[in-house]
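Since every read-out is calculated from the coordinates, none of them should be taken as a lab result. Computed from a predicted structure; not experimentally measured.
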Amino acid sequence: SEQIGLHRGFQNALYFIDKTSGVVGLERILDTLHERAEGRELWITGHSLGAAIATVFAAKLRARMPAVVAGNLRKIVLFGAPAVGGAAFRKYYAALEEVTVRYTHELDPVPFTPPIGFKHVGTGYWFHEGSWTSDPGWPTRLRAALRQKPWAWARDHSMEAYLRALTNEPA
């Protein structure tokens, strides 16, 4: 992970050890996929920390089970995702860019983190002022955020806000 500039905290979350079985979380997931992936579509998704873990997992899956990625992986969908790695990680992740979609809702603060040296992956979309557009990047989103009260930022991070935006339901 050091060679590709991956955020250690996000990687550690994927390598948690189940206290009951003593098995590393990533290994359990890979074992399950090995047993059950044949003939099934695979979608990887997450919100917030879950989106960070989903991103790291997708990269690990590509390295460890390339046949599953080539044959089964349909989409990686990230909601309110922080950036998880630097330029080298983004370069490594490039093989998954085509199937990765990242959604940012209004002024959600999490996609601004970590603030320096980390890069987002995938095709980004920003829900702002009632519609989805291509993500213009964090400088534009930050200018919009700084014009608002800070308590609006936390409201925009909830998964419920993302679901309303995806279904075009009013808040």
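As a length-normalised measure over Cα pairs under 8 Å and 6 or more apart, the relative contact order of the chain settles at 19 percent.
In the chain, what is the volume of the convex hull around the alpha carbon atoms, normalised per residue and reported in Å³? Don't jump to the answer; show the numbers that get you there.
Values: hull volume 22.6 nm³, N = 171.
Enclosed volume per residue, from the Cα hull, is 132 Å³.
Spatially close Lys pairs in the chain, defined by Cα atoms under 27 Å apart and a spacing of eight or more places or different chains, total 8.
Please give the contour-minus-distance gain from residue 24 to residue 94: 0.36 nm per residue of separation, less the Cα-Cα distance, rounded to one decimal in nm. Kindly include the intermediate steps, with their values, before the conclusion.
Numbers: separation 70, 0.36 × 70 = 25.20 nm, distance 2.64 nm.
Contour length minus the Cα-Cα distance gives 22.6 nm.
Bridge orientation summary for segment 1-150: considering DSSP beta bridges with both residues in this region, about 30 percent are antiparallel. Measuring from centroid to centroid over Cα atoms, what is the spacing of segment 130-171 and segment 20-84 in Å? Segment 130-171 and segment 20-84 have Cα centres separated by 26 Å.
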